[in-house]
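What follows is a single structure, written as structure tokens, with notes after it.
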Amino acid sequence: MSKITIDDLSLRDISLDKLPRLKELRDLHFVSHPEICVELPRLMTQYMKTMDDPDDTPELRAGKRLKYILENKRPAIADNSLLAGTTTTKPVGVILYPDFLALSIWPELETVHNRKKNPYGITRGEIEELNFEIFPYWIDRTVLEVARRMYGNPLCQQVMERMVFFLASKPTSISHTIPDYASVVNRGLKAIRAEAEAKERASGASKEGRNKVDFYQSVRLVIDGVLAFAGNLSREADRLSRVERNAKRKRELEIMRDICARVPGEKPQTFREALNAIWICKIALHQENANVGFSLGRLDQVLYDLYRQDINRGMTLSEAVELVGCFWLKIADHVPLVPETGEALFGGTGSNQAVTLGGVDQQGNDAVNDLTYVMLRATEILRLRDPNVNCRYHPEVNTPEYLRRLCQVNVDTGATPCFHNDPSAIEALMGQGITLEHARDYSSVGCVEPVSSGRTYGHTAAILMNITSPLEMVLFQGKHRLTEDEQFGPLTPAPGTMNSFDEFKKALETQMNWLIDQAVTLNNNLGRAHQLIHPTPLLSALMEGCMESGKDVIEGGALYNSSGVAVIGLAEAVDSISAIREFVFDKKTISFVEMIEAVKQNWDDPYQKLHQKVITSTEKFGTDSKMAKDNADYLIDFLHRTFQNKYNYRGGKYTVGYWTMTYHAGFAPLIGALPSGRVKGEPLPSGITPVSGSAPELTPCLNFVAHLDHIGNA
């Protein structure tokens, strides 16, 4: 039976002009400049200084701390929204996590309000509180410093911090996942708390049983904290309703009061209750863990039944779009902290909170429904950076009308939604050992990464690796041009002594293996530091597998565990490998020594003619070139096999993806000219796109990308 009852899929009659509340909230959002909020670090520091018990297990310490934070968090209802609560105390807040990246802003506290790129508002009182009360306490208690102390400032950490061959994101967060919001909507937190209490009683007295007892107790504590926060919101809505003079707003606040008194403790009974329940849980999760790619999953599936019931009870499509719009704007009520260096290199970013719509259900049937189109219309009229809306499309199941609507929204917004090909994504996930039903229930995390919704702890951007770095180290025998004679990587043979392309590839594999080992070692070190100081019991309560196993997600409790690597610079690396093969070994146009001299000279005199030959070569990523395809296959296969043979600190495998966000620009200043013809200063190509100008025809480019292996083996 079709779930589409809307006559006009575009919902063009619903506009911002006809939804004055959304227009007002949107206008407020875009005139509100980000401001640093000190509420969370203040509460964390107060708790740790006066109430923390270091003899407790990490799980109990985390549970007690988050409960305190939620009980004491300000219950803000600061605008005309239909949803209660805010992530921070500011209209658009910059939330600080003192055990993660917050201290990186310390040198900028006096200047951050007037820096050129993305300034943050901050008051004199907040500067002094951070300077003298908060940051000094955390100076040696961050994830990065705990890991450094645990492992004696290891080489892997120095490689990241000094050379930036790769970045590990665990010092910033360990988000990049999707909580099981369906359990909030279908059960309510009180049911999850009761389950934790029963499992706590059933756990044995063994060491494993003791660990489970502490885990379940921590789950109970954090749920109590969420319920306390919801209760505080209910009381605040009641207070505001008593002084509100506008009758319509007064009634809205009274309804909000009653909703917050019920959810997320109880199972939501209406569409509005469900949105409020998810939002309150999301606020709480933001207090537990930094929001980087903390995504929402398949909301059109999770919320559809309650949406349909409310439509049958008389809710209009305009009211539904308004509710979704309020939710979208709440999602955008904060931005991640980015220090000035990060702004300069990477251009800033949103939180990349992905919402996924459409596609097929777990049985392979068409999952597109009326709510899908309601959410698309809210996206189209609001045009926000967050949430990052992703849409799934199955060409054999979904309708052409749905595809046309996706294209229309993408054209109208100029950017969103992202499109995902269901058969390919499902096949790729099954290649990682995920069952067919769970693979069909995938959502995007962060930028574009597919994971099985609500049951995968994949930290898909755990490592961001510049793959041109090991290529550069081959040219200079394990050294980097920025440090000249300092030996970082293995000492591989001098390129001038290489007599074959296979010898070059062997040296490249040596350098890649070394860099991969360094990145994996650091990620695992940081993960173990997380296990010691930053378990996440609330996220664990909302993740399939954790309640069954009695383990926090950071300990491997989720049903599916993995760590993701984003490889950056793929096309540039492939083009460099192809240029070395074509001009040094096949055509013998120049010697390897001359090739290295050319890149050392940034392709300047006397190498300009050679430069023209290299950059106009037809053996480029994104063309019909068999050589380029072979080299791309070789590199992707090597990276896949090597990472798949590595295990993370939770016992899961490493997976590889090719997306860059803005990091292709940020890594570019850290490397010099390359054999591909790239000159110093040019940005690396984004994702799996070719180097700019090297693939002038679209069809061969699409065919090239389509042939790349997206499956691999578990």
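The values are calculated or read from the model by the stated rules, or taken from the named source; none is laboratory data. Bear in mind that the values here come from a model prediction, so they are computed numbers and not experimental data. Counting neighbours? That spans all protein chains shown, and the Cβs are built from the backbone with ideal geometry, glycine included. Ligands, DNA and RNA are stripped out before the accessible areas are found, and what is left, the full protein with its side chains, is counted by its heavy atoms. Shrake-Rupley method; radii C 1.70, N 1.55, O 1.52, S 1.80 Å.
Here residue 690 fulfils each of the conditions (1) under 30 Å from residue 608 (Cα atoms); (2) open to solvent by 70 Å² or more (accessible area, probe 1.4 Å); (3) not hydrophobic (A, V, I, L, M, F, W, C) apart from (2). A search for C-beta distances below 8 Å between a residue of region 567-592 that is over 20 Å from residue 691 (Cβ atoms) and any residue that is assigned to a loop (DSSP other than H, G, I, E, B) and of a type in the set (A, V, I, L, M), counting only pairs 6+ apart in sequence or on different chains, returns 592/498. Scanning region 661-671 for residues that are open to solvent by 10 Å² or more (accessible area, probe 1.4 Å) and in a loop (DSSP other than H, G, I, E, B) yields a count of 2.
Here is a yes/no grid of residues against (1) out of contact with any helix residue (DSSP H, G or I) (no Cβ under 8 Å at 6 or more places or on another chain); (2) farther than 19 Å from residue 353 by Cβ:
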position: 384; (1), (2): no, no
position: 391; (1), (2): no, no
position: 401; (1), (2): yes, yes
position: 439; (1), (2): no, yes
position: 447; (1), (2): yes, no
position: 456; (1), (2): yes, no
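Just a yes or no: is a residue in region 25-44 part of a helix (DSSP H, G or I), under 28 Å from the mean Cα position of the chain (by Cα) and over 30 Å from residue 116 (Cα atoms)? Yes, some residue in region 25-44 is part of a helix (DSSP H, G or I), under 28 Å from the mean Cα position of the chain (by Cα) and over 30 Å from residue 116 (Cα atoms). Looking only at region 69-93, residues that are touching a residue at least 40 places away in the same chain (Cβ under 8 Å), closer than 14 Å to residue 231 by Cα, outside any loop (DSSP other than H, G, I, E, B) and not hydrophobic (A, V, I, L, M, F, W, C) come to 1 in all. Among the residues of region 612-650, the ones that are open to solvent by 40 Å² or more (accessible area, probe 1.4 Å), outside any helix (DSSP H, G or I), in contact with a Ser or Thr (Cβ under 8 Å, 6 or more places away or on another chain) and not acidic (Asp, Glu) come to 1 in all. Say we look at region 272-317 and pick out the residues that are among the polar types (S, T, N, Q) and assigned to a helix (DSSP H, G or I); which of these is most open to solvent (accessible area, probe 1.4 Å)? Ranking the qualifying residues of region 272-317, first place goes to 312. If we scan region 233-248, do we find a residue that is hydroxyl-bearing (Ser, Thr, Tyr) and either assigned to a helix (DSSP H, G or I) or open to solvent by 30 Å² or more (accessible area, probe 1.4 Å) (or both)? Yes, region 233-248 has at least one match. Of the residues making up region 74-126, those that are within 21 Å of residue 169 (Cα to Cα) and of a type in the set (Phe, Trp, Tyr) are 97, 100, 106. Of the residues making up region 394-445, just one is touching a Leu at 6+ places or on another chain (Cβ under 7 Å), in a strand (DSSP E or B) and open to solvent by less than 40 Å² (accessible area, probe 1.4 Å), namely 442. Take the residues in region 112-127 that are in contact with a helix residue (DSSP H, G or I) (Cβ under 7 Å, 6 or more places away or on another chain) and assigned to a loop (DSSP other than H, G, I, E, B); name whichever of them is farthest from residue 339 (Cα to Cα). Result: 122. Among the residues of region 455-487, those identified as aliphatic (A, V, I, L, M) and in a loop (DSSP other than H, G, I, E, B) are 461, 462, 467, 482.
Exactly one residue out of 525, 499 is over 12 Å from residue 166 (Cα atoms), over 32 Å from the mean Cα position of the chain (by Cα) and polar (S, T, N, Q), and it is 499.
Being open to solvent by less than 10 Å² (accessible area, probe 1.4 Å) and under 35 Å from the mean Cα position of the chain (by Cα), is that true of even one residue in region 589-598? No, because not a single residue in region 589-598 is open to solvent by less than 10 Å² (accessible area, probe 1.4 Å) and under 35 Å from the mean Cα position of the chain (by Cα). Return yes or no: is residue 385 basic (Lys, Arg), modelled with pLDDT under 95 and either under 22 Å from the mean Cα position of the chain (by Cα) or outside any loop (DSSP other than H, G, I, E, B) (or both)? Judged against the criteria, residue 385 is a match.
Residue 338 passes every criterion in (1) in a helix (DSSP H, G or I); (2) of a type outside the set (Phe, Trp, Tyr); (3) touching a Ser or Thr at 6+ places or on another chain (Cβ under 8 Å) apart from (1). Of 377, 404, all but one fail to be free of Cβ contacts under 8 Å to residues at least 24 places away in the same chain and farther than 30 Å from residue 664 by Cα; the exception is 404.
For every residue, the table says whether it meets (1) closer than 30 Å to residue 278 by Cα; (2) aromatic (Phe, Trp, Tyr); (3) surrounded by 14 or more Cβ atoms within 10 Å (Cβ to Cβ).
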site	(1), (2), (3)
113	no, no, yes
125	no, no, no
136	no, no, no
143	yes, no, yes
148	no, no, yes
161	no, no, yes
164	no, no, yes
175	yes, no, yes
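Considering only residues of region 71-111 that are at pLDDT 95 or above and charged (D, E, K, R), which is surrounded by the most Cβ atoms within 10 Å (Cβ to Cβ)? For region 71-111, the residue satisfying everything is 73.
Summed over region 249-271, residues that are more than 30 Å from residue 542 (Cα to Cα) and either touching a Leu at 6+ places or on another chain (Cβ under 9 Å) or open to solvent by less than 20 Å² (accessible area, probe 1.4 Å) (or both) total 2. Of all residues in region 22-36, those satisfying the criterion of being of a type in the set (A, V, I, L, M, F, W, C) and either touching a helix residue (DSSP H, G or I) at 6+ places or on another chain (Cβ under 8 Å) or surrounded by 20 or more Cβ atoms within 10 Å (Cβ to Cβ) (or both) are 22, 25, 36.
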